[in-house]
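Structure, as C-alpha cells:
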Amino acid sequence: MAVKIRLVRMGKKKQPTYRVVAADSRRPRSGAYLEILGTYQPRGLSAAEPETVVSIDNDKVVAWLKNGAQPTERVARLLKASGAMEAFEAAKAGS
C-alpha cells in the first residue's frame, strides 16, 4: 500500500480548512484516511497569530516518513514550515 501525506478539505463553502492526513494513495481526496497528523487554515485566524495557520504533530509525521510515506508538494512545504522535515532529516542522518 502506497501511503501519501496529503490534505483533506474541510470547512464551509469558500472558507476552507484542511486536515493533514496519512492516506492510501488510491483513495479519493476526501475519502478514508489512516491517521490525522495536523491541520492547515490557509485563511488564517488573524494576522496577529500566524503560527496558528499550520498545526502539525511532528512526531507522528516523522514516524510516517520513516515508514516510507510520501508527502504531496503542498504538504512538503507545510512540513518545512512546521519543522517536521528538519526533524526527519536529522533522524535519518542519525540512523
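The values are calculated or read from the model by the stated rules, or taken from the named source; none is laboratory data. Predicted model, so just to flag it, every value in this text is computed and none were measured. Cβ placement follows ideal geometry from the backbone for every residue including glycine, while neighbour counts extend to all protein chains displayed.
In the set (1) modelled with pLDDT of 90 or more; (2) more than 15 Å from V3 (Cβ to Cβ); (3) not hydroxyl-bearing (S, T, Y); (4) not in a helix (DSSP H, G or I), the condition left unmet by K80 is number (4). Total residues in the range 69-95 satisfying the condition of being of a type in the set (D, E, K, R) and closer than 19 Å to S55 by Cβ: the figure is 4.
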